[in-house]
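First the structure, in the form of structure tokens, and then the observations on it.
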Amino acid sequence: MRSDMTLCSPLLLCLAAALSSAYVITDHHHHHHDNMWTKLILTHHWPKTFCSMEHCKANISYWTLHGLWPDKGIDCNSSWHFNSSQIQDLIPDMKKSWPDLLKPTSDEFWKYEWHKHGTCAAKADSLNSQHKYFNKALDLYHKVDLDRTLQKFNITPSEDYYKLSQIEDAIENFYSVKPKIQCAHKSRRDEVQVLGQIEICFDADFSLIDCERHFTKDTVSKGHGDRLMDVDMPSGFMVCQHDMPVYYPPVSKEIFR
């Protein structure tokens, strides 16, 4: 991506110089750059953990999609209404891979994710329709195949606890990028955190890149980036801690008694 930019800049300069209203172009370019996201966050959640917090019933024993979130902007186009007829061919996969855990028969979750994140992702030509957005999210989800990767490294839902580093290492070894892993806490006094959400990040060309593990001061002060995404998380999710055992709960077991 960066090498493209360097190739491109002399060209842009020539272009700007050649045109009398050069300042309009540079201004437009700058404006576009400000609004354009640079990273997509493919967020998976573990239904068992989500539902133990949100009081839903999920008998799903695989990672499901929470969303595909650009790192800039929310609710970018409120007049662009969600229309499920545009993604009819994707619905069977959506129901399986991106289920609404709270209301399994509705499309409210997809509608919410489209309005909040899809309309912003759509600033890129590659994602500029509902069909492109949802199809790409599903495509990335299947390519990443988190369940298979974790299983390869013998990380499966279990009554035994894992170290956070084991889970991180499995993902980093397989994809060669850093994930962001979030946990829930069973209770304040507990010595255990519960695996809840795993983010895998991509650049605008859909190449894997490192996720930010923690919020940077910069992100918070500017008021965009990851901090906006907090709204999508149940209040109990936070970045997992390295010094605390991780519970990856099997579907059949109660987490919070």
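The values are calculated or read from the model by the stated rules, or taken from the named source; none is laboratory data. It should be emphasised that the depicted structure is a prediction, and the values quoted were computed from it without experimental measurement. As a convention, Cβ positions derive from the backbone with ideal geometry for all residues, glycine included, and neighbour counts pool all protein chains shown. These accessible areas exclude ligands, DNA and RNA; they are computed on the full protein's heavy atoms, side chains included. Shrake-Rupley method; radii C 1.70, N 1.55, O 1.52, S 1.80 Å.
Figures for the structure shown
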{"quantity": "Per residue Cα convex hull volume in Å³ - calculated over the range 142-202", "calculated": "90 Å³"}
{"quantity": "Pairs beyond 29 Å (Cα-Cα), from K116/K178; K48/K123; K123/K186; K57/K178; K123/K163", "calculated": "K48/K123; K123/K186; K57/K178; K123/K163"}
{"quantity": "Per residue accessible area of the range 73-188, 1.4 Å probe, in Å²", "calculated": "50 Å²"}
{"quantity": "Residue order for V251, V192 - accessible surface, 1.4 angstrom probe, largest first", "calculated": "V251, V192"}
{"quantity": "Computed E for H242/D205 - FRET, C-beta separation, R0 25 angstrom, nearest 0.05", "calculated": "0.20"}
{"quantity": "Contour excess over end-to-end distance, with Cα ends at E159 and F174 and 0.36 nm allotted per residue", "calculated": "3.0 nm"}
{"quantity": "Inter-label distance for E108 and Q86, nm, one decimal - labels placed 7 Å from Cα along Cα-to-Cβ", "calculated": "2.2 nm"}
{"quantity": "Where K48, K178, K57, K96 fall by accessible area, highest first, once all protein chains stay in place (1.4 Å)", "calculated": "K57, K96, K178, K48"}
